[in-house]
Amino acid sequence: MCGIFGYIGTEKAAPFLLEGLRTLEYRGYDSAGIFVHGHGVIKAAGPISSLEAKLPKDIQGTAGIAHTRWATHGAPSEKNAHPHHDMSGRIWLVHNGIIENYRELKEGLAVQGITFYSETDTEVLVKLIGSFYKGDLLEATRLALRAVRGTYGLAVVSEHEPNKIIVARMGSPIVLGLGKEGNFIASDPSALLVHTKRVVYLDDGEIASVSKDSFEVTTIRGEKKTKKSEIVEWEHEAVQKNGFAHFMLKEMFEAPEVVLNTLRGRLNVEEGTAKLGGLEMVEERIKHIQRLHIIGCGSAYYAGEVGRYMLEEYAHIPVEVELGSEYRYKKTYPDKKAAALFVSQSGETADTRASVEKAKSMQMLTLGMVNVVGSAIAREVDAGIYNHAGPEVAVASTKAYISQLTAFALMALYLGRQRGMSKAEGLDIVKALQSLPETMRAVLKKNDEIAKVAKKYAQYRDFMYIGRTFHSPIAYEGALKLKEVSYIHAEAYAGGELKHGPIAMLDKDFPVLAIVPQNDVYEKMISNIEEVRARLAPVVALATEGDLQISAVADDVIYMPKVHPLLQPIVAVLPLQLFAYHVGVAKGLNVDRPRNLAKSVTVE
Ligand code: F6R
C-alpha cells in the first residue's frame, strides 16, 4: 500500500526512481511523484505513466526519492501526491502508512504559525520534521517520530544534506538494497532485483541514514543497531511480464512451477509424509497442540478456510479460522495448547500482523505461512513455512493462493502422519502431490475454453458462486476474484445455504457458478443446481472430467481433472481465477491494477 523507492549513488537517479516506481506500482496507483537533489520535485495524479510524461529528459542529480500512492487521507490529486515538503520547502518526504494523531500534531504546528497546503497526514509529518530541523536531518526525524502515533515506512531528504537519505520503519516495510552503483531503498525487495540482491530489512522502530557507499541503523531513541545483509532468492525475470498480456495471466500460468516450488524438498517418499524444515524447531510443541487458529485477510483467509477442511479431515485437529481484522479485537483466552497460524502472501498485512501480537500475548505458539522471505510476519512468528511462490505482482492474488493451498495440503500430511494417519494413506497423498504440477498444466490447457465461457457471461451484473465442504471457501475465493477484476457483483454461499435466503435474488439475469466435483456431496450439489434452474438462473458448472450427468443440468460446463480429494480444491481454484481474468479482459478492464485496490495492505 503505497510504494517508496530511493537511490543515492554515482548514476543519474531519475531513471532508477522511475523504474523502481514501475515495479512498485501494484502497491498503489492513484498518483506519483519524485524528488531529485539539484532538480526538485515533479508530481502527477494518476498512474506512473502520467508522471513519466511530465519528466524532463535531462535530470542530472544522483540522489532522490519517489512514491506511488494509494490514497488514505485526501483525494488522489497532484496536490496530495508525495513527496511532501516542510515550511522551508527544503525537506521532502515520502510516506507509506497512517499517522493516527496527525490532527493533534497539526493543531500544535498551526499554533507555531505553520500552514498546510494538502489534506494529507504525510504533510503534517514532514512539517513536524521541519519544525525540529537544526541542520541534522536524522535527529530531526527521530524527534518527530517520537511524537507520532501510527504506521510508517518513510524516506526523507534535506536539500541542506544532499549526501544522505533518512529512512524509517514502523509497520510499513522498508528494505535497503546495497548495490555497486550506490544504495537503494524500497518498500519491497522486488523493486531492487534489477540492481542488487543484497538487502537489509529494517525492523519496526529503526531508522537508517543511507549514503552512496554506506548505511547506519539506529533506533528512533538513538541506540545503535548492527544489521546483517541478506541475499534475496528471487530473480529479476520474475517481476517481468515475459510476453504475457498481464501479470495476472502470467502468474496463473506459473501455477505448475509454483506447486513444484512449494513442494520442493518437502515430500518424504519413503515414509509417506512431509518434511517441513521450518517447523522442525517447534516439532515437539506442535505434537501436543490441541487446537489451531488460522488467521488471514482476503484470499489468505479463504486459503485458511480450505486449510481448515484439510487439517480437520486429514490431521484430526480442530481448527478455527479468523479474519485478521477481527481476531485482533476479539476476546481470546491464554491457551498454551493452541497454535495460531498466520497466512499472508506479503507478510506485511497490518491486521494479520497485529493478530500475531495478540496470539503471542495469549501464550500460543505462533506459526507463519508467508511468501515474502524476510517480511515482518515471517520474522515475528516462532516458526513457519515459506510458500516459495516467487514475487506476485498482479494485485489479485492467484499463484500465492495456489501455493497456500498446496502448503496446507503438506501440513495436513505432516500433522496427519503425526496424529494417526496410516503410512499407506500418507504414501497415497505423496503420490498425488507429486503429480499435482502436471495436473495444473492440464487445467491451463483449458484456458481458451474458459475464455469463451467467460466472454459469454461478461455482460451480467450479478453472479452467485456455490460449493460445499472443501469447495465452499473456493466459491468465496472465486467470487472475490470476479469482484476484484471485473467489478461484477458476486456473492458466494455454501450450496446448502441458498434456500435459507439468497435464492430470493436469483432470476434469469443472475447466473450461478457451481463447483461440483464428483465427491461425497455431489448429489447435494446437483439438487442445489436444480433449485437454481427452477428460478431460471443460468448455470456454469465446474465439474469433474467424465461427469456425464452435469451437462443435463448446466448451461455451460468447465471440466477439471479428478485428483485426490485433499487436492481437489487446488485444482478447482485455477479455472475460477482464469474465468475472472477473462471476464475482466472482456470488459476491457485493467485486471492487473483494479480500481481502489492495492497490494500489501499495510493500513488498518
Ligand atoms: C485478493 C488479495 C487480497 C489479499 C489480502 C491479504 O486477491 O490479494 O485479498 O489476499 O489483502 O494479503 P496478504 O496475503 O499479503 O496478507
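The values are calculated or read from the model by the stated rules, or taken from the named source; none is laboratory data. Only a predicted model underlies this, so the values are computations on that prediction, with no experimental measurement involved. Heads up, the Cβs are rebuilt from the backbone with ideal geometry, glycines too, and the neighbour counts pull from every protein chain shown. When the accessible area is computed, the model is the full protein with side chains, heavy atoms only, and any ligands, DNA or RNA have been set aside. Shrake-Rupley method; radii C 1.70, N 1.55, O 1.52, S 1.80 Å.
Screening THR115 with (1) buried (at least 17 other Cβ atoms within 10 Å of the Cβ); (2) over 25 Å from LYS164 (Cα atoms) gives one miss only, at (1).
Condition check ((1) of a type in the set (A, V, I, L, M, F, W, C); (2) away from the ligand (no atom under 15 Å from the Cβ); (3) open to solvent by less than 10 Å² (accessible area, probe 1.4 Å)) across all residues:
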position	(1), (2), (3)
MET310	yes, yes, yes
VAL321	yes, no, no
ARG353	no, no, no
LEU365	yes, yes, yes
GLY374	no, no, yes
GLY384	no, no, no
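Filtering region 323-341 to residues that are within 16 Å of the ligand (Cβ to nearest atom) and open to solvent by less than 40 Å² (accessible area, probe 1.4 Å) leaves GLY324, TYR327, ALA340, LEU341. Among the criteria (1) part of a helix (DSSP H, G or I); (2) out of contact with any Ser or Thr (no Cβ under 8 Å at 6 or more places or on another chain); (3) under 15 Å from PRO575 (Cβ atoms), the one PHE463 does not fulfil is (1).
Taking the condition assigned to a helix (DSSP H, G or I), in contact (Cβ under 8 Å) with a residue 24 or more places away in the chain and closer than 27 Å to LEU567 by Cα, does ILE515 pass? No. Scanning region 421-434 turns up no residue that is at pLDDT 95 or above, in a strand (DSSP E or B) and open to solvent by less than 10 Å² (accessible area, probe 1.4 Å). If you go through region 395-409 and keep only what is assigned to a helix (DSSP H, G or I) and either within 16 Å of the ligand (Cβ to nearest atom) or surrounded by fewer than 24 Cβ atoms within 10 Å (Cβ to Cβ) (or both), you end up with LYS399, ALA400, TYR401, ILE402, SER403, GLN404, LEU405, THR406, ALA407, PHE408.
Out of all the residues in region 489-512, is one or more among the aromatic types (Phe, Trp, Tyr), within 16 Å of the ligand (Cβ to nearest atom) and within 28 Å of the chain's Cα centre (by Cα)? Within region 489-512, not a single residue is among the aromatic types (Phe, Trp, Tyr), within 16 Å of the ligand (Cβ to nearest atom) and within 28 Å of the chain's Cα centre (by Cα). In region 535-557, which residues are open to solvent by 10 Å² or more (accessible area, probe 1.4 Å), touching a residue at least 60 places away in the same chain (Cβ under 8 Å) and not in a loop (DSSP other than H, G, I, E, B)? The answer is ASP556, and nothing else. For region 466-505, filtering for residues that are assigned to a helix (DSSP H, G or I) and among the aliphatic types (A, V, I, L, M) leaves 10.
Taking region 66-101 as the range and being β-branched (Val, Ile, Thr), more than 18 Å from LEU21 (Cβ to Cβ) and in a strand (DSSP E or B) as the test, the residues that pass are ILE91, ILE99. Out of all the residues in region 348-381, which are in a helix (DSSP H, G or I) and β-branched (Val, Ile, Thr)? Hits for region 348-381 are THR352, VAL356, ILE377.
Figure legend. Inter-residue proximity from region 130-154: first residues part of a loop (DSSP other than H, G, I, E, B), second residues at pLDDT below 95 and open to solvent by less than 50 Å² (accessible area, probe 1.4 Å), beta-carbon distance below 6 Å, spacing 6+ or different chains. Indicated pairs: VAL148/ILE99; THR151/GLY97; THR151/ILE98; THR151/GLY171; THR151/SER172. Selection within region 436-458: residues that are part of a loop (DSSP other than H, G, I, E, B) and touching a residue at least 12 places away in the same chain (Cβ under 8 Å). The member of this set that is most open to solvent (accessible area, probe 1.4 Å) is LYS446.
Just one of the listed residues (GLU104, GLU52, GLU25, GLU19) is part of a helix (DSSP H, G or I), surrounded by fewer than 18 Cβ atoms within 10 Å (Cβ to Cβ) and within 24 Å of the chain's Cα centre (by Cα), and it is GLU19. Figure legend. Inter-residue proximity from region 346-367: first residues at positive phi, second residues near the ligand (Cβ under 9 Å from one of its atoms), beta-carbon distance below 8 Å, spacing 6+ or different chains. Indicated pairs: GLY347/VAL370; GLY347/ASN371; GLY347/VAL372; GLY347/SER375; GLY347/ILE377. Taken residue by residue, region 248-261 has at least one member that is open to solvent by less than 20 Å² (accessible area, probe 1.4 Å) and acidic (Asp, Glu). Exactly one residue among GLY222, GLY277, GLY298, GLY265 is open to solvent by 20 Å² or more (accessible area, probe 1.4 Å), without any contact (Cβ under 8 Å) to a residue 24 or more places away in the chain and at positive phi, and that residue is GLY265.
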